[in-house]
Amino acid sequence: MIGVILQQLNALTLSIKHGCRLPPLSDEIPSSFPSPRSTVVASQVPSLFREPYILSGYRPVNQDWRCYLLSLFQRHNESLNVWTHLLAGSVLLFRWWANVGTLGYTLDSASLPLSVFLLSSLTYLCFSVAAHLFQSHSEHAHYFFFFLDYVGVAVYQYGSSLGHYFYTSESAWRESCIGLLFLPGALFFGWCSCACCCFAKSRYRRPYPLERRICQLIPMSLAYLLDISPVVHRLCTVSWAQEPSLPFHALQIAFFLLSAVFFSCPIPERFFPGRCDFVGQGHQIFHLFLSLCTLFQLEALFQDYARRRDEVVEVFGERQLWWACVSILLLFLCCVLTALITIKHMSKTLHSQKEREK
C-alpha cells in the first residue's frame with residue numbers, strides 16, 4: 001500500500017515538474033518500500049508459529065524486517081496483542097503526567113521507587129510489543145524476542161515489588177519473616193521466572209505439553225504471591241474508608257487474577273476454533289486485563305506515595321532506597337545474560353535441525 005501511495009505521489013510530482021520545474025519526489029524518497037504480504041492460514045507457517053485454535057491471520061515468515069514493522073497497521077492475528085500494550089504504554093505515560101501535576105511529584109530519593117516502577121512497566125510493555133510485532137520473521141527471531149519479553153516481565157515484577165515495599169507495606173508486615181526477606185526474595189524470583197520461562201520455551205515443542213505451562217506458572221506465581229503480600233496484608237488490616245489507594249489495589253489484584261486465567265487457558269478460542277483468529281483470543285484478553293492491572297497499580301502507588309513521601313527516607317534510609325532501586329539493573333543484566341545463553345543454545349539447536357533436514 002505504501003509503495004502504491006509513493007508511486008502516486010511521484011507521478012503527481014512529475015506532473016508538477018513540467019509546470020514548475022521542481023525535482024521529482026523520487027530524488028528525495030525511495031521509489032519503493034516493502035509491503036507486508038497478505039496473511040496466510042496456519043498450515044502455511046511452521047508449527048512454531050501456530051497457536052491452538054487460531055486457524056488464520058498468520059504473517060508469512062522471512063519477509064523484510066520493515067514488513068513486520070509496517071504490519072503494525074495490517075490486520076493479522078497479532079494486531080491486538082501489539083496495540084493493547086502500545087496503547088497501554090501511552091495511557092500509562094498520560095496518567096503519570098496527570099498525577100505528577102496533581103500530587104506534587106518531585107524527583108528525589110523518596111520518589112525513586114515510583115520512578116523505577118514506571119520504567120519497569122514501560123519496559124515490559126515495550127518488550128511485549130516488540131515480541132508480538134517481530135516474532136514472525138523467523139524461528140530465531142521468535143525465540144529471541146520472546147526471551148526478551150520474559151526479561152521485561154521479570155523487571156516489571158521487581159519494579160512492582162519496590163513500589164509495594166516502600167509505599168504500601170505496614171511496619172508490622174516489614175518486621176515479619178516475609179518482610180525481612182522480601183527484597184532479596186523478589187530479586188531471586190524475578191530472575192527465576194525469567195529463567196524458567198526461557199527454559200520452558202526452549203525445551204518443549206508444539207503441541208506444548210502441560211509441563212511447559214507448569215514450568216512457567218510456578219515461578220511466576222511464587223513471584224507474584226511474594227510481590228503482592230504487602231498489599232494483601234494492608235487490605236486485610238487497614239480500614240478502606242481511610243485509605244483512598246486500597247480500592248485501586250483491590251482492582252489491580254482482581255485484574256491480575258483475571259489476566260492469569262486467560263494466560264493459562266486458551267479461551268474462548270478453544271470453544272470457537274477459527275472465529276477468534278483476529279479478535280477475541282485469550283491472549284488478547286490477557287493483555288487487556290494486565291494493562292488495566294498496571295494502570296490501577298500506578299494509581300494506587302501514586303496515592304500511597306502522596307501519603308508517605310515525607311516519611312519514606314526517614315523510615316528506610318537513603319542507602320536502602322538507592323540499593324534496592326539500583327539492584328534492578330543487576331536483575332536486568334542477569335536476565336539478559338540468561339536470555340542470551342538460552343538463545344545461543346537455541347541457535348545451535350535450530351542449526352542442527354536444518355542440517356538434518358538437508
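The single condition among (1) within 21 Å of Gly190 (Cβ to Cβ); (2) among the aliphatic types (A, V, I, L, M); (3) in contact (Cβ under 8 Å) with a residue 24 or more places away in the chain; (4) surrounded by fewer than 20 Cβ atoms within 10 Å (Cβ to Cβ) that Ile328 does not meet is (4).
Exactly one residue out of Leu125, Leu107 is outside the structural domain of Ser56 (by TED's automatic domain parsing) and touching a residue at least 40 places away in the same chain (Cβ under 8 Å), and it is Leu125. The criterion of at least 3 residues that are at pLDDT below 50 is met, among helices (runs of 4 or more DSSP H) falling completely within region 1-107, by 2-20.
Scanning region 194-212 for residues that are in a helix (DSSP H, G or I), out of contact with any Cys (no Cβ under 8 Å at 6 or more places or on another chain) and farther than 20 Å from Tyr156 by Cα gives Ser202, Leu210, Glu211, Arg212.
Looking only at residues in region 154-175 that are outside any helix (DSSP H, G or I) and either of a type outside the set (Gly, Ala, Ser) or modelled with pLDDT under 95 (or both), the one that is surrounded by the most Cβ atoms within 10 Å (Cβ to Cβ) is Glu170.
Take the conditions part of a helix (DSSP H, G or I), within 22 Å of Ser128 (Cα to Cα), touching a Gly at 6+ places or on another chain (Cβ under 9 Å) and among the aromatic types (Phe, Trp, Tyr) and apply them to Phe263. Does it pass? Spelling it out, Phe263 is indeed part of a helix (DSSP H, G or I), within 22 Å of Ser128 (Cα to Cα), touching a Gly at 6+ places or on another chain (Cβ under 9 Å) and among the aromatic types (Phe, Trp, Tyr).
For region 39-64, filtering for residues that are surrounded by fewer than 17 Cβ atoms within 10 Å (Cβ to Cβ), under 14 Å from His142 (Cβ atoms) and more than 21 Å from the chain's Cα centre (by Cα) leaves 5. When the test is whether a residue is assigned by TED's automatic domain parsing to the domain that holds Thr84, of a type outside the set (A, V, I, L, M), under 25 Å from Phe166 (Cβ atoms) and touching a residue at least 12 places away in the same chain (Cβ under 8 Å), Asp277 does not pass it. When you scan region 194-215, do you find a residue that is farther than 24 Å from His142 by Cβ and at pLDDT 95 or above, even just one? The answer is no; no qualifying residue exists.
Taking Ala98 as the residue in question, decide whether it is over 21 Å from the mean Cα position of the chain (by Cα) and either closer than 23 Å to Ser38 by Cβ or not assigned by TED's automatic domain parsing to the domain that holds Ser56 (or both). Yes: the conditions hold for Ala98. Glu314 is checked against (1) assigned to a helix (DSSP H, G or I); (2) within 24 Å of the chain's Cα centre (by Cα) and fails just one. What number does that condition carry? Only one criterion in (1) assigned to a helix (DSSP H, G or I); (2) within 24 Å of the chain's Cα centre (by Cα) is unmet by Glu314, namely (2). The single condition among (1) within 17 Å of Leu92 (Cβ to Cβ); (2) in contact with a Gly (Cβ under 7 Å, 6 or more places away or on another chain) that Leu288 does not meet is (2). Is it the case that Ile228 is out of contact with any helix residue (DSSP H, G or I) (no Cβ under 7 Å at 6 or more places or on another chain), of a type outside the set (Gly, Ala, Ser) and either modelled with pLDDT under 95 or in a helix (DSSP H, G or I) (or both)? So Ile228 does not fit the description; no. Do we find that Ser193 is assigned by TED's automatic domain parsing to the domain that holds Glu243, out of contact with any Lys or Arg (no Cβ under 8 Å at 6 or more places or on another chain) and under 21 Å from His283 (Cα atoms) in this structure? Yes, satisfied. The listed residues are Ala223, Ala241, and the only one of them that is assigned by TED's automatic domain parsing to the domain that holds Ala186, assigned to a helix (DSSP H, G or I) and without any contact (Cβ under 8 Å) to a residue 60 or more places away in the chain turns out to be Ala241. Within region 280-311, being without any contact (Cβ under 8 Å) to a residue 24 or more places away in the chain and either on the phi > 0 side of the Ramachandran plot or surrounded by fewer than 20 Cβ atoms within 10 Å (Cβ to Cβ) (or both) holds for Gly280, Glu311.
The values are calculated or read from the model by the stated rules, or taken from the named source; none is laboratory data. Keep in mind that this is a model prediction, so the values were computed, not measured. Heads up, the Cβs are rebuilt from the backbone with ideal geometry, glycines too, and the neighbour counts pull from every protein chain shown.
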